[in-house]
Every structure is written in C-alpha cells, then in structure tokens.
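The values are calculated or read from the model by the stated rules, or taken from the named source; none is laboratory data. Just so we're clear, the structure is a prediction, and the values are computed from it rather than from any experiment. Ligands, DNA and RNA are excluded from the accessible area calculation, which covers all protein heavy atoms including side chains. Shrake-Rupley method; radii C 1.70, N 1.55, O 1.52, S 1.80 Å.
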Amino acid sequence: MQYYSGQFFTIKAITEAGHRAGAMVGFDLAHAIGNVPLNLHSDGVDFAVWCSYKYPLIQVRVGVAGAFVHERHGDNFDLPRLAGWWGA
C-alpha cells in the first residue's frame, strides 16, 4: 500500500514483471499487513518484511516485525543468507 494515497498495488502483477526481468521480488508491507488480504506464497513473492506496531496489529500481542521468504528458496544454498542459528 502506498503510504500517502492508500493505493493497493497488484502484488502478483509486480512480482510476475520482476521475475520476467530476471529479478528477485521483495516487498515492504508495513502499511499493508493487517489491512488488506495478502497471498504472498501463491503470488510468487520471493520475500517480504513488515513492522507490526501499526494499526490494526497494535491491538494484538505480536512481535515488532515479520518476514516472509518463499519456500522455494529454502534449499537454494547459492543464495546469500543467514541459515540455521545465526548462520552457523
């Protein structure tokens, strides 16, 4: 979601366009999480992050942030990442 206008972008179309260009696609969902339905896995998003201190998540006991990594990247050890206990 765009912070100022509230416009909700079509995540699936953006992801598909990025993948056609050969890019990995990630999103900052700080203003979307908890406000609109999200289908990160089925939309093929590679990764996403968000904070959860904004409305409406502030009303429930949750962590201060979240992250999504698509399961297709779970066994791809060519990707730079922290794996296991802090990458050990």
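Per-residue accessible area (protein heavy atoms, 1.4 Å probe) orders Ser42, Ser52 as Ser42, Ser52, starting from the largest. Between Glu16 and Asp75, full extension at 0.36 nm per residue minus the direct alpha carbon distance yields a gain of 19.1 nm.
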